[in-house]
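Reading through the structure tokens given below for one structure.
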Amino acid sequence: MADIDIPAHLIDLESVAWAEQQQGALTFAAADAVQAAYREHAAATGVSRLDLEMAVKQAVRHPEEPAA
């Protein structure tokens, strides 16, 4: 996957949604907000919405570990 510039607000929205999901309490508002942000950013930048979403989820759910 190509490098995708991920704005901080997408990381913040996905982090909220992921935390709610981990607690079994994902709200429609959180899910809708993050999906709307993905669509808007993808449309504005011309990147694939799916690639953007996968990159953000990877960054939030599986952050890179520092090299030993």
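The values are calculated or read from the model by the stated rules, or taken from the named source; none is laboratory data. Keep in mind the model is a prediction, meaning the values are calculated, not measured. In this analysis, Cβ positions are derived from the backbone assuming ideal geometry, glycine residues included, and neighbour counts consider all displayed protein chains. The area values use the complete protein model at the heavy-atom level, side chains included, leaving out ligands, DNA and RNA. Shrake-Rupley method; radii C 1.70, N 1.55, O 1.52, S 1.80 Å.
Per-residue ellipticity at 222 nm computed for the chain from its helices equals -22000 deg cm²/dmol, with DSSP H segments shorter than 4 residues left out and the rest contributing -39,500 (n - 2.57). For the chain, modelled as a Gaussian network with Cα springs under 10 Å, which listed residue fluctuates most, Val34, Val47, Val56? Largest GNM mean-square fluctuation: Val47.
Where (1) 19, 18, 8; (2) 29, 14, 9; (3) 17, 13, 11 are the candidate values, the label of the one calculated here for semi-axes √(5λ) of the Cα gyration tensor in Å is (1). For the chain, the solvent-accessible area of protein heavy atoms averages 69 Å² per residue (probe radius 1.4 Å; ligands and nucleic acids excluded). When Val60, Val16 are compared by accessible surface with a 1.4 Å probe, the order from highest to lowest is Val16, Val60. Ligands, DNA and RNA left out, the 1.4 Å accessible surface of the chain is 54% carbon and sulfur atoms.
Toward the positive end of the charge dipole of the chain, with +1 on the Cβ of Lys and Arg and -1 on the Cβ of Asp and Glu, the farthest Cα among Ala55, Gln22, Ile4 is that of Gln22.
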